[in-house]
Every structure is written in C-alpha cells, then in structure tokens.
Amino acid sequence: MKPGRLATIALAVVFLPMVVPAHAATIQIVMENLVISPAEATAKVGDTIEWVNKDVFAHTATARGGDFDVMLPPKKSATFVLKKAGTVEYYCRYHPNMKATLKVEP
Ligand SMILES: [Cu+2]
C-alpha cells in the first residue's frame, strides 16, 4: 500500500464520525487562564458540551437565560447535554469577565 493511501484512510477514520448526522457529538470547551475558548462554539441539540477547567481555581458555565449552570472545580471537567436550540450566552459566576456564546442548532 502506498503511504498516500494510508494517509487517506487515516483521515477518513478521523473525520467520518463528524459527518454522520445521527451521531451526537461532544464539543470540548477549555477554560484556561480565565479565558473560555473557543469563545463562540456551535453545536446541535443532543450534543454534549464538555467544559474542561485547566485553572487552579473553580469556574462555572452559567447561562444568562438559566438553561444551565455547570460547576467546574479546579482541574476538573463537566458535561451538559443540550436540550434546546437557540443562542446561549454564558459566563463564569466567579469571574464575570469570562464570557462565551454557544449557538445551538435544532
Ligand atoms: Cu471563573
């Protein structure tokens, strides 16, 4: 087998799960040095958001509309399954400058 073909197969294995529509995805959002990244993420209803707190202090992912309020202890991660579509602005209750947007598609 040529190396080029092997690379193609490897790419297919990596990207195939992303194009299967019925497959709910997990989207990882990192909190590090008081910054949420990506600050703007897009997901679909049924997807799981996993926030990863890499800081040594606690954060929260608190939706302004009250859709979710996820506690993130230092060096821990937590998940939330998206239940409804819409654009959600969320922030950290302890560090209100930490803000991000989540666009949830139906
Ligand atoms: Cu915080």
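The values are calculated or read from the model by the stated rules, or taken from the named source; none is laboratory data. These figures come from a predicted structure and were not determined experimentally. A quick note on method: Cβ atoms are made from the backbone with ideal geometry, for glycine too, and the neighbour counts reach across all protein chains shown. SASA here: full protein model, heavy atoms, side chains in, ligands and nucleic acids out. Shrake-Rupley method; radii C 1.70, N 1.55, O 1.52, S 1.80 Å.
Worth pointing out:
- For region 74-82, 3J(HN,Hα) per residue [Karplus equation, 6.51 cos²θ - 1.76 cosθ + 1.60, θ = phi - 60°, Hz, x = Gly/Pro]: x, 6, 10, 10, 8, 10, 8, 8, 6
- For residue 77, the residues 5 or more places off, or on other chains, whose built amide H falls under 5 Å of its own are 53.
- Taking the DSSP bridge list for region 23-105 and keeping only pairs wholly inside it, about 65 percent are antiparallel.
- Among 30, 45, the sequence by solvent-accessible area, most first, with a 1.4 Å probe is 45, 30.
- The protection proxy used here, the mean number of other Cβ atoms lying within 10 Å of each residue, ranks peptides 56-64, 35-43 as follows, highest first: 56-64, 35-43.
- Lysines whose Cα lies under 26 Å from that of residue 76, excluding same-chain neighbours fewer than 8 positions away: 44, 54, 84, 99, 103
- Applying 0.36 nm per residue to the separation of residue 79 and residue 57 and subtracting their alpha-carbon distance, the gain on full extension is 6.1 nm.
- Length gained on full extension, residue 103 to residue 25, computed as 0.36 nm times the residue gap minus the Cα-Cα distance: 26.7 nm.
- Distance between modelled label sites at residue 35 and residue 94, nm, 7 Å Cα→Cβ extension: 2.0 nm
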